[in-house]
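Student: One structure, as structure tokens, below. Some questions next.
Just so it is clear, none of the values below were taken in a lab; they were calculated from the coordinates. For clarity, every value in this text was computed on a predicted model and none was experimentally measured. Using ideal geometry, Cβ is built from the backbone for each residue, glycine included, and neighbour counts are taken over all protein chains shown.
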Amino acid sequence: MAVQSTQIKSALSLRYKEGVDANGKDIIKTKKFSNIKIVADNQGLLDVATALSPLMKYPIVEILRSNDSKLINA
């Protein structure tokens, strides 16, 4: 049987460095933007994240896109 995949939702996450802990380890936090349009292209999301970067209090260390898909037997 073939499996059919249908993308149902997408999210953009910005990981940023908030500081360091008592042991000198980086404190990494995440700001997640849910309900991103499924048809949004990766370059557009990167451009948005780059535009948001100067507005954030802490530096962005990673930009992530998460996609959820529904799988069914076709």
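Student: With Rg and the Kirkwood Rh both taken from Cα atoms, where does Rg over Rh land for the chain? Mind dumping the intermediate values first?
Tutor: Numbers: Rg = 16.3 Å, Rh = 14.2 Å.
Value, to two decimals: 1.14.
Student: Per residue of the stretch 33-42, what does 6.51 cos²θ - 1.76 cosθ + 1.60 with θ = phi - 60° give for ³J(HN,Hα)? Whole Hz please, x for Gly and Pro, Karplus curve as stated.
Tutor: 10, 8, 6, 6, 4, 4, 7, 4, 7, 4
Student: At what distance in angstrom do the alpha carbon centres of the stretch 1-17 and the stretch 19-51 lie from each other?
Tutor: 15
Student: Okay, moving on. Grab the chain and count how many Lys pairs have their alpha-carbon atoms under 18 Å apart, sequence gap of 8 or more, or different chains.
Tutor: So the count of such lysine pairs works out to 13.
Student: Work out how much length residue 37 to residue 13 would gain on full extension: take 0.36 nm times their residue separation and subtract the Cα-Cα distance, in nm to one decimal.
Tutor: Details: separation 24, 0.36 × 24 = 8.64 nm, distance 1.39 nm.
Length difference between fully extended and current span is 7.3 nm.
Student: For the chain, what does the helix formula give at 222 nm: sum of -39500 (n - 2.57) over DSSP H segments with n ≥ 4, over the residue count, nearest 500 deg cm²/dmol? Let's see the in-between values first.
Tutor: Values: 1 runs with 11 residues, N = 74.
Value at 222 nm, helices only, nearest 500: -4500 deg cm²/dmol.
Student: Within the stretch 22-43, find all residues whose amide N lies under 13 Å from a label point positioned 7 Å from the Cα of residue 50 along Cα-to-beta-carbon.
Tutor: 42-43
Student: Which order do the peptides 33-41, 18-26 come out in when sorted by mean C-beta neighbours inside 10 angstrom, highest first? Walk me through the intermediate numbers first.
Tutor: Working: 33-41: 11.6, 18-26: 8.2.
Answer by packing, highest mean first, reads 33-41, 18-26.
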